[in-house]
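**Student:** Pasting a structure below so you can have a look.
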Amino acid sequence: MISVPALTKRPPKDDAHFGCGLLSARCSGKNLHVHPRPAESDHSARLSIDVRRIIAVLLGARSLSQAPARRGRSLKASPQQLLGQANYVDPNLPRRVERERIEAVIEDESMSKAARLVELGAILRRIQDSSETPVEKLRKVLYLLYTCAKDTETNLALPPESLSVATEIIKSSSYGNWSIKDLRKALYSLQNYSSDRADVLELVATLTAVVQKFRHPFDSETLDVCLVGLRSMSSNVPEVISLLQELTIKIRRSTVNLSAGGIGTALYGLSSMSTECPAVLEVLRELLPKIQAVNVRMSTAGLAHAFFGMQGMSTDCPEVLNILEALQHAVKMNARPLRGGDLGNFLHGLQSMSSDRFVVCKILRQVAIKVSELENPSRSLDLGKAFYGLKGMKSESEDVTDLLVQLPRHIRASEVPMTAQDVGRAIHGFRNMSSDHEAVRYVLDELALKVAGCSVALRPHDIEYALSGMQRMSADRPHVRAMVGALLPKIRACRGTFQARSIANAIYGLQRMSTEWPAVRELVMALSGHVKACQGSLNSHDASIALHGLQGMSGNVTEVQELLNAILGKISTDRDAGHWEVQDVSLAFLGLFDVDVGSEWHVLLQEWLLTLATASPDDARTAYQTLALVLGMPCSLRRTLESFTTREKLLLLQEELKKKCSEVQLVPRTLRRQAEMYKTQAEVAFADEEQVGVTTAEVLFGFECDIVLRQDLRVVNVQLQEDDHPPAGRCRFSYLRDKLLQQNGVRVVRVQTQGRTRKEALEFFQTL
C-alpha cells in the first residue's frame with residue numbers, strides 16, 4: 001500500500017486517467033491510502049510505476065528519473081525540502097545549453113559557412129575566458145570539434161586562429177581527466193584538417209602526447225574510429241608519423257577486434273598515406289589480425305571505404321598483399337552488387353596497385369562479377385575516380401579486360417558531371433592499357449563521347465594527365481582518333497600556361513601516334529603553341545621525354561617540324577638547364593630514330609655524341625647499345641649524324657665504347673623467380689640433346705641475351721619478359737634491339753613469364 005497526500009479530486013477508476021487527474025488536482029495536506037490495483041498482463045505494471053513517479057513530481061521532484069518508486073513508503077516532504085527542490089539547478093544544464101548553441105550554429109543553413117566559422121570562433125573564445133574548470137572547458141571544446149567533423153557536407157574546418165584557441169584549451173587540461181570517449185571525439189575530429197597547416201600540426205602533436213599518456217585500452221568503438229581522423233594527412237609529416245606510431249601501439253595492446261564496419265573506417269583513415277613510410281606498414285601489420293578475426297559480412301559501402309583507403313598502398317609490400325587477401329575474402333562473401341558511387345570509390349583505391357599481382361586479379365574478378373549482377377546501369381558512377389584507379393592495370397590481364405567489358409553501359413548511363421580533373425584522370429587511367437585490346441577500344445568509344453559532351457575548360461595539368469595516359473594507344477585505331485578528336489578543341493581552348501615538365505609529359509603520350517592522320521597532325525600543331533609559351537626551359541630529362549614521344553611521327557610533316565623547332569628553342573634558351581646524361585641521350589636518339597631533323601639540330605647532336613664518348617664505364621654499355629642501334633640499321637638519325645661527321649668516326653666511337661664495356665664485368669640483369677625458372681627449364685628441356693647448346697646471360701652484338709640456344713648454325717635468343725609495359729624507352733629499345741639481332745641472323749623469341757608454371761615453361765621450350 002502506497003501513502004500519498006489526499007487530493008481534492010476523486011480519482012477515476014482507470015490508472016492512466018488517474019495520473020492525468022493528479023496533474024490538475026491540488027494537494028489538501030492530508031494523507032490518502034491508495035491500494036494499488038492488481039497487475040494486468042500487458043501494461044498496468046508500467047502504468048503504476050509512471051503514476052507513482054508523476055505523484056512524486058507534484059511533491060517536488062525535478063524529473064521523473066529522480067522520483068522514488070518504492071512500494072510501501074510515504075512520499076511526504078517537509079516545506080524546507082519542497083523549497084530546496086523548487087530551487088534545484090541541474091549541474092549539466094550549462095553544458096547542455098552550450099551544446100545546443102553549438103548545434104544551432106552548425107545546423108543553421110541560413111548562415112554562410114564563413115559566418116558559422118566566425119560564430120564558432122566566438123564560442124571557443126567564450127569558453128576559454130569562462131571561469132569553468134579545465135575539464136568542463138575540455139568537454140565543450142571536444143564537443144564543438146566533434147560536431148564540426150560530423151557535418152561532412154559543409155566541411156567546417158576551423159580557421160587557424162580558432163583552432164589555436166581550441167588547442168590551448170586542450171593543452172590546459174590534465175591528462176588524467178581524459179576519458180575514452182573524450183579521446184575518441186578528439187581523434188575523430190581531425191578528419192576535416194590537412195597536415196599542411198602549422199596550427200593543425202600543433203593540435204596533432206598535442207593529441208599525440210594525450211594518446212601516449214592514456215593508460216586505458218581501446219574499446220571496439222575507439223578502435224574503429226581512431227585512424228579515421230588522419231584521412232587527409234600525409235605520412236611524410238613527422239607530427240603525423242608520431243601520432244600514427246602511438247596509435248599503432250594502442251591498436252597492438254587492444255584486446256578487441258575491429259567491427260565489420262570498423263574495417264572500412266580504419267583503412268579509410270589511411271587514404272592519404274603511402275607505404276613508403278615504415279609507420280604505415282607497421283599499422284597495417286597490427287590491423288591485419290583484427291581484420292582477419294571478423295567473421296561478419298561487410299557492407300558494400302564498408303568495402304568501398306576500405307579499398308578507397310588503400311589508394312596510396314603499393315602491392316610491392318607484403319603487408320599490403322596480406323590486407324588485400326583479407327579484403328578479397330570479404331568481397332567474395334558480400335552478396336550485394338557494386339553500384340555507382342561504391343564502385344567508383346572501390347576502383348579508385350586500386351590506383352597504386354598492379355595487375356601483375358595475383359591477389360589484385362582475384363579482386364578485379366570479383367568486382368567484374370558484382371558489376372555484371374546489376375540489372376540496370378548505374379547513373380552515379382564517378383568516371384574520373386573509377387578509371388584513375390585502373391592506372392596500374394594492364395590490358396594483357398584477362399581479369400582487367402573482363403572488368404572493362406562491364407563498364408561501357410555504366411559510362412553511358414552515368415549522370416555525374418565530369419570536371420576538368422575528371423577528364424584528365426579518367427584518360428590517364430589507361431596509361432598501361434593498349435588499344436590493341438578490344439575491351440579497351442569499347443571503353444574509349446564511350447568515354448570519348450562523354451569527354452566531347454563535357455563543356456569544362458581543361459587546365460594544363462588536366463591535358464598532361466590525359467595525353468600521358470594515351471602512351472600505348474595507336475592512332476591507327478578509330479577509337480583512339482575519336483578520343484583525340486574529343487580532346488583537340490579543349491587543348492586549343494586552354495588558356496593556361498604549361499610548366500616545361502608538364503608539356504614534356506603530354507608529348508610523351510604521343511609515341512604511338514602516326515601523323516598520317518589529320519587529327520594527330522592538328523594535335524601536334526596545338527601542342528607546338530603550348531611548348532613555345534610554356535614556363536621555364538626543358539632540362540635534359542624533360543627534353544628527352546618529349547623527343548621520345550615523337551617516335552611514331554614523320555619528320556617531313558610541317559606540323560612535326562613546327563613542334564621540333566619549338567622543343568629545340570626551349571632547350572637552347574637555357575644551356576644551364578642540366579648536364580645531359582647517357583640515359584637522356586638514349587631516349588632522345590630512340591625518339592628521333594626515324595625523324596628527319598634539319599641542320600639547326602647539329603650543335604645539339606654533337607653535344608649528345610660527346611656525352612656518349614665521355615660515358616663512364618658503368619654507362620658505357622648503354623652508350624654503346626644506343627650508338628649500335630643507330631649505326632646498325634638504316635634510319636633518318638644515322639643520315640643526319642653522317643651529314644656533319646663521317647661514318648668512320650662514328651664507328652671508331654662505337655669501338656671505344658665497346659672497349660669500355662669490356663673493362664666492366666657484365667652483371668646479369670636481376671630476374672624474378674618465375675623468369676629464373678625458365679633458365680632452369682631450358683637446360684632440362686635440352687639435357688638429352690647434345691647438338692643443342694644452352695647458355696644464359698650471353699652478350700650478342702653488344703646486347704645481353706637471357707637465354708641463347710645454338711644448333712649447328714642456327715641461333716635463337718629467348719628473351720624473358722616480366723613486364724607487359726616496361727619503363728620509358730624500354731619498348732622502343734626492345735623493338736630495335738630485336739630487329740638488329742634478327743638482321744644479324746639471330747632469331748628472337750620473347751616469352752611472358754608472369755604467372756607461368758614449370759610445366760608451361762618446359763612445354764614452351766619443347767615447341768621451339
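The values are calculated or read from the model by the stated rules, or taken from the named source; none is laboratory data. The structure displayed is predicted, hence computed values, not measured ones. When we count neighbours, we look across all protein chains shown, and the Cβ atoms used for this are built from the backbone with ideal geometry, even at glycine. We work out accessible area using only protein heavy atoms, side chains counted, and drop any ligands, DNA or RNA first. Shrake-Rupley method; radii C 1.70, N 1.55, O 1.52, S 1.80 Å.
**Student:** If the reach is capped at under 16 angstrom between alpha carbons, list the aspartates and glutamates near Lys140, excluding any in the same chain fewer than eight residues apart.
**Tutor:** Cα-Cα hits under 16 Å: Glu98, Glu100, Glu103, Glu119, Asp129, Glu132, Glu168, Asp182.
**Student:** Here is a further query. Which of the three applies to region 489-569, rounded, prolate or oblate, going by the alpha-carbon gyration tensor with a ≥ b ≥ c and a/c under 1.5 meaning rounded?
**Tutor:** In terms of gyration-tensor shape, oblate.
**Student:** To the nearest whole percent, what portion of all C-alpha pairs in region 414-483 is separated by more than 20 angstrom?
**Tutor:** Every Cα pair in region 414-483 considered, those over 20 Å come to 22 percent.
**Student:** Identify all aspartates and glutamates with a Cα-Cα distance to Lys570 below 14 Å; exclude those on the same chain that are fewer than 8 residues away in sequence.
**Tutor:** Straight-distance partners of Lys570: Asp542, Glu562, Glu600.
**Student:** Please compute the Cα-Cα pair-distance distribution of the chain with 10 Å bins starting at 0, giving whole percents from short to long.
**Tutor:** P(r) over the chain, rounded to whole percents: 2, 11, 15, 17, 18, 13, 8, 5, 3, 3, 2, 1, 0.
**Student:** Normalised by the number of residues in region 638-748, what is the relative contact order in percent for Cα pairs under 8 Å and 6+ residues apart?
**Tutor:** That works out to 16 percent.
**Student:** Using only the alpha-carbon atoms of region 589-650 as identical scatterers, what base-10 log of I(q)/I(0) does the Debye formula give at q = 0.17, 0.26 Å⁻¹?
**Tutor:** Cα-only, vacuum Debye calculation for region 589-650: -0.55, -1.27.
**Student:** Let me ask something else about it. Can you give the percent of C-alpha pairs in region 427-526 whose distance is more than 24 Å?
**Tutor:** 12
**Student:** Here's a follow-up. Calculate, for region 209-293, the solvent-accessible area per residue in square angstrom, rolling a 1.4 angstrom probe over the heavy atoms of the protein chains.
**Tutor:** 39
**Student:** Kindly work out what percent of the DSSP beta bridges joining two residues of the chain are antiparallel, to the nearest 5.
**Tutor:** Antiparallel: roughly 70 percent of the beta bridges in the chain.
**Student:** Quick one: which residues, 5+ away or cross-chain, put their amide H under 5 Å from the amide H of Val699? H built at 1.01 Å from N.
**Tutor:** Cys705
**Student:** Along each principal axis of its Cα atoms, how long is region 446-497 end to end? Whole angstroms, biggest number first, please.
**Tutor:** Dimensions of region 446-497 along the principal axes of its Cα atoms: 30, 22, 14 Å.
**Student:** Mind checking the angle between helix 44-58 and the chain's longest principal axis? C-alpha axes, 0 to 90 degrees, to the nearest 10.
**Tutor:** 70
**Student:** Okay, next question. Quick one: give the max-minus-min coordinate of the C-alpha atoms of region 401-445 along each principal axis, largest first, in Å.
**Tutor:** Dimensions of region 401-445 along the principal axes of its Cα atoms: 28, 21, 15 Å.
**Student:** With everything on Cα atoms, drop me the angle between helix 198-213 and the longest principal axis of the chain, reported from 0 to 90° to the nearest 10.
**Tutor:** In the chain, helix 198-213 runs at an angle near 60 degrees to the longest axis.
**Student:** As a quick test, which of the pairs Lys150/Lys332; Lys370/Lys394; Lys658/Lys679; Lys137/Lys250; Lys150/Lys385 have an alpha carbon distance above 22 angstrom in this structure?
**Tutor:** Distance filter (> 22 Å) returns Lys150/Lys332; Lys658/Lys679; Lys137/Lys250; Lys150/Lys385.
**Student:** Starting from the eigenvalues of the Cα gyration tensor, five times each then square-rooted, give me the equivalent ellipsoid semi-axes of region 670-768, largest first, whole Å. It would help to have the intermediate numbers written out before the result.
**Tutor:** Values: eigenvalues 88, 68, 20 Å².
Ellipsoid half-lengths, sorted descending, are 21, 18, 10 Å.
**Student:** If you don't mind, another one. Quick one: check the C-alpha center-to-center distance for region 467-534 versus region 363-413, whole angstrom.
**Tutor:** 26
**Student:** Dividing the convex hull volume of the Cα atoms of region 220-363 by its residue count, what figure in Å³ per residue is obtained?
**Tutor:** In region 220-363, the Cα hull volume divided by residue count equals 94 Å³.
**Student:** Solvent-accessible area per residue for region 302-419 at a 1.4 Å probe radius, Å²?
**Tutor:** Dividing the accessible area of region 302-419 by its residue count gives 37 Å².
**Student:** Working from Cα positions, state the angle (0 to 90°, nearest 10) between the long axis of helix 602-613 and the longest principal axis of the chain.
**Tutor:** Helix 602-613 sits at roughly 90 degrees to that axis.
**Student:** Ok, one more. At 0.692 mPa s and 37 °C, plugging the Kirkwood radius over alpha-carbon pairs of region 601-698 into Stokes-Einstein gives what diffusion coefficient in µm²/s?
**Tutor:** 203
**Student:** Treating only the Cβ atoms of Lys and Arg (+1) and Asp and Glu (-1) as charged, compute the dipole magnitude of the chain about its Cα centre; round to the nearest 20 debye.
**Tutor:** 4000
**Student:** Once the mean 1/r over all distinct Cα pairs of region 306-444 is inverted, what Kirkwood radius in angstroms do you read off?
**Tutor:** 14.8 Å is the Kirkwood radius here.
**Student:** Could you grab the relative contact order for region 548-622? Cα pairs under 8 Å, six or more apart, rounded to a whole percent. Kindly include the intermediate steps, with their values, before the conclusion.
**Tutor:** Details: 47 pairs, mean separation 35.4, N = 75.
About 47 percent, as a whole number.
**Student:** Can you run the Rg to Rh ratio on region 148-232? Use alpha carbon positions and the Kirkwood inverse-distance Rh.
**Tutor:** My calculation of the ratio gives 0.94.
**Student:** If every alpha-carbon in region 127-169 counts as one equal scatterer, what log10 I(q)/I(0) does Debye give at q = 0.24 1/Å?
**Tutor:** For region 127-169 at q = 0.24 Å⁻¹, log10 I(q)/I(0) is -0.84.
**Student:** For the pair Ala457 and Glu690, how long in nm is the line joining their label points, each one 7 Å along Cα→Cβ?
**Tutor:** 8.0
**Student:** Also, I was wondering about something else. Taking the convex hull of the Cα atoms, report for region 121-197 its projected area averaged over all directions, in nm².
**Tutor:** 5.0
**Student:** Follow-up. Could you work out what % of the accessible surface of the chain is carbon and sulfur, using a 1.4 angstrom probe and leaving DNA, RNA and ligands out of the count? Don't jump to the answer; show the numbers that get you there.
**Tutor:** Working: 17690 of 35580 Å².
On the chain, the fraction of accessible area on carbon and sulfur atoms equals 50 percent.
**Student:** Of all the Cα-Cα pairs you can form in region 163-207, what percent are over 12 Å apart?
**Tutor:** 62
**Student:** Starting at the first residue of region 741-751, write each ³J(HN,Hα) from the Karplus equation 6.51 cos²θ - 1.76 cosθ + 1.60 with θ = phi - 60°, in whole Hz, x for Gly and Pro.
**Tutor:** Computed from phi, the couplings for region 741-751 are 5, 5, 5, 9, x, 9, 7, 10, 10, 9, 10 Hz.
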